[in-house]
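So the structure is just underneath, and the comments pick up after that.
The values are calculated or read from the model by the stated rules, or taken from the named source; none is laboratory data. All values reported here derive from a predicted model rather than from experimental measurement. Glycine gets a Cβ as well: all are built from the backbone with ideal geometry, and neighbour counts include every protein chain shown.
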Amino acid sequence: MFKDAPFTEPKSFGLRLSKLRTEFGVSARQMSLDIGQNESYINRIENAKIYPSLQSFFYICSYLHITPKEFFDEELPEPELQAEHLITKIKQLPKPLVITLDQLVDYLK
């Protein structure tokens, strides 16, 4: 029934995680530690050794700033396209809001 569905194989799931993690710009080791796991946790998922628990999957999505739906959606725009979209929206904001947004970004760094 699910044989041809995407991500039913651990390797497919791991490849998607690897792609998203790399785009996010973090190492597998650092991500593992940041989500409270041992240093090889993400590497083992990406190499199809294990699947994450549902709770860990939600932590992974939260860490990558994506929804579970977005994790499985291979049609997501590349990060550069998302940035261009944000820049376009920011240019439409009133100047006081742009200043506030700039201050928020500085605070979050």
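Given the options Ile99, Ile66, name the one that is β-branched (Val, Ile, Thr) and without any contact (Cβ under 8 Å) to a residue 40 or more places away in the chain.
On the way: Ile66 fails: without any contact (Cβ under 8 Å) to a residue 40 or more places away in the chain.
Of the residues listed, the single one that is β-branched (Val, Ile, Thr) and without any contact (Cβ under 8 Å) to a residue 40 or more places away in the chain is Ile99.
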message = I'm checking my understanding of the structure. Among residues of the range 66-109 that are assigned to a loop (DSSP other than H, G, I, E, B) and farther than 28 Å from Phe13 by Cβ, which one is modelled with the highest pLDDT?
response = Pro94
task = Report the residue count in the range 17-36 for those that are free of Cβ contacts under 8 Å to residues at least 12 places away in the same chain and on the phi > 0 side of the Ramachandran plot.
result = 1
task = Please work out which residue is nearest to Ser12 (Cα to Cα), limiting yourself to the range 25-42 and to residues that are under 15 Å from the mean Cα position of the chain (by Cα) and either of a type in the set (Ser, Thr, Tyr) or crowded, with 18+ Cβ neighbours inside 10 Å (or both).
result = Ile42
